[in-house]
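The structure appears right after this line, and notes come after that.
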Amino acid sequence: MRRARGLVLFPGAGASSDHHTLVALEDALAPLPVARCDFPYRLAGRRAPDRAPVLVGSVVDHATAFAAEHDLHPRAVVLGGRSMGGRMCSMAVAGGLPAAGLVLLSYPLHPPGKPEKLRIEHLPQLDVPCLFVSGTKDPFGTPEELEREVAAIPGPVTIHWLEGAGHDAKGRDAEISQVVAAWIDRLGRRRG
């Protein structure tokens, strides 16, 4: 087991790597190496996300390049992000991408108002520690739904609830950063 020595972050579908929460995380985690990455559609100036295989491929490419750039074993890198970005990281890890753990902010369990369209098929393949940080009023998944579905994850799961927050978790960057920093620190001690 290796200590967590870096973090690669991806934004949600409608945002870029300059999203305030991702910037706040990078600042809070210094001097830990952090990369904030954009997906191909965003780099090409398009608004509509690419299909999942392209997005997952981008996660694999960015994570591999980050590990090489910082001379890290891939299992020493934590992956994650907001909403779609976190989901794509979880799909990449479920598909075999090595990682120290997953940081999943405002995980989009299902589209708003469509709880029957769950995005959970890959969860039973997540054998790494996972941190979920979600608002209690997030329309992409209620606390009850998230707790029920993440029970399928065989790796250790930590959930932190942002009381009263919606999907954007506006104004909660300091709390999110503190929670993520403490979790990565514990992860490093447990896996070091």
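Laid out as a table, the results:
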{"read-out": "Which listed residue, of 141, 164, 96, is farther than 29 Å from residue 51 by Cα, at pLDDT 95 or above and not in a helix (DSSP H, G or I)", "value": "164"}
{"read-out": "Subset of the stretch 109-125 [closer than 15 Å to residue 147 by Cα and basic (Lys, Arg)]", "value": "119"}
{"read-out": "Top-ranked residue in the stretch 1-13 [being modelled with pLDDT under 95 and not charged (D, E, K, R); ranked as least open to solvent (accessible area, probe 1.4 Å)]", "value": "4"}
{"read-out": "Among residues of the stretch 121-146, those that are in contact with a Phe, Trp or Tyr (Cβ under 7 Å, 6 or more places away or on another chain) and over 23 Å from residue 182 (Cα atoms), counted", "value": "1"}
{"read-out": "Hey, residue 42 surrounded by fewer than 17 Cβ atoms within 10 Å (Cβ to Cβ) and of a type in the set (Lys, Arg) or not", "value": "no"}
{"read-out": "Qualifying positions in the stretch 94-127 - open to solvent by 10 Å² or more (accessible area, probe 1.4 Å) and of a type in the set (A, V, I, L, M, F, W, C)", "value": "94, 97, 118, 120"}
{"read-out": "Residue in the stretch 22-29 that is open to solvent by 50 Å² or more (accessible area, probe 1.4 Å) and over 16 Å from residue 175 (Cα atoms) present", "value": "no"}
{"read-out": "Any hit, the stretch 110-120, residues being β-branched (Val, Ile, Thr) and closer than 21 Å to residue 180 by Cα", "value": "no"}
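The values are calculated or read from the model by the stated rules, or taken from the named source; none is laboratory data. What you see is a predicted model, and the numbers here were worked out from it, not measured in a lab. Using ideal geometry, Cβ is built from the backbone for each residue, glycine included, and neighbour counts are taken over all protein chains shown. Each accessible area value is taken on the protein alone, full model and side chains, heavy atoms only, with ligands, DNA and RNA left out. Shrake-Rupley method; radii C 1.70, N 1.55, O 1.52, S 1.80 Å.
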